[in-house]
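In what follows, a structure is listed as structure tokens, so that the remarks can point back to it.
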Amino acid sequence: MPFQHLSHAWFLPAAAILYLSGCRPEHLSSAATPLQPSVPPVSGTQYYSLQNAKFLGQDAAGVVTYRLIDSVSYTIIARTLAGQRQIQSLRDSSYPITVDDQTIQSDLQWVQDSSWSSKREYQLYIFLDRRTGQISSLRGEPGDNKNSYLEIQSCPGKGVVYTVCHHHPQVGRILLAQVHGHPASLIKGEQTLQRMSLKDSITAICLQAPIYAIDAMGGPTDGFIHRSNPNPGPAIPGQNLCIGKIGDAAGHFNIGLDALSIWGITKLPDFRQIYAIDENMRQESALRSTVSFH
């Protein structure tokens, strides 16, 4: 049985990344290079880089909160101060990260409902706005019954990709994750399963960001959320199934913070692979536009 029959996501490699454009290259100093902690942060104030939303470290505060700070400032304070002076100085030099959960949850419901009713893969982007510190979502262009297509702007100088809305780059809105719906197949004899596809995993690895899918097959499993992980390996599964469900007040899944915590500890996106895939997609589109059938 062909692979697409087993895993309906059919999210083209590196998300069939269309309309990529590069920012002017900038030098990434050692201070701006994201640290790579071995485990996600779990306590105290969590500090993320203002430049690229990568995790920098945490203080000894008693409550878990999230803040943005310039990476150079963080390094200087962390190395020269300690105790309460360090906590206060880090707080004075940063600003809070907030989650627009109402918008995100509304958009997640839109992805499920639209994917179910139209039998197309609707999608949204979860991003962090580095100017305001807010994590929110943007609705992307719908795909077809088996594909959805990311539209992003690469910026290697910052080590990030930015979201694009209606073909307009949203510079400063760092892409943390993509979410798409899994509708029922339109092909007789095919069944959409509760899982992610190999191409979802390739996309996550290429972007170094999680890729989520929502069941939208018109059954009792509708609303369940699955995830492809950027760095699968012996200790990290390639995908996690049924990690949450939209509209579930009892077991609310904060997908915004989940995406931030994963993006924060991954490597930089594979820009060379992104550009290669984009060029392949452009060539394929050109071929499709010139072929005629009689």
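Only the coordinates and a few stated rules stand behind these numbers; no lab work does. Fair warning: this is a prediction, and the values are worked out from it, not measured in the lab. So basically every Cβ, Gly included, is an ideal-geometry build from the backbone, and we count neighbours across all protein chains shown.
By the count of other C-beta atoms within 10 Å, a proxy for reagent exposure, 116, 263, 110 are ordered fewest to most as 110, 116, 263. The calculated FRET efficiency for the pair residue 106 and residue 63, based on their C-beta separation and a Förster distance of 30 Å, comes to about 0.60.
Here the label points at residue 267 and residue 252, each 7 Å from Cα along the C-beta direction, are separated by 3.6 nm in the simple model. Over 22 Å apart at the Cα level, from the set 188/245; 119/199; 158/199; 158/245; 119/245; 54/245, are 188/245; 158/199; 158/245; 54/245.
Model label points for residue 276 and residue 141, set 7 angstrom from Cα along the Cα-to-Cβ axis, are 2.5 nm apart.
Taking 0.36 nm per residue of separation and subtracting the Cα-Cα distance, full extension of the segment from residue 186 to residue 166 would add 4.5 nm. Neighbours of residue 160, meaning other residues whose beta-carbon lies under 11 angstrom from its beta-carbon, give a summed charge of +4 when Lys and Arg score +1 and Asp and Glu score -1. Once both labels are positioned 7 Å from their Cα atoms along Cα-to-Cβ, the gap between residue 118 and residue 93 label points is 4.6 nm.
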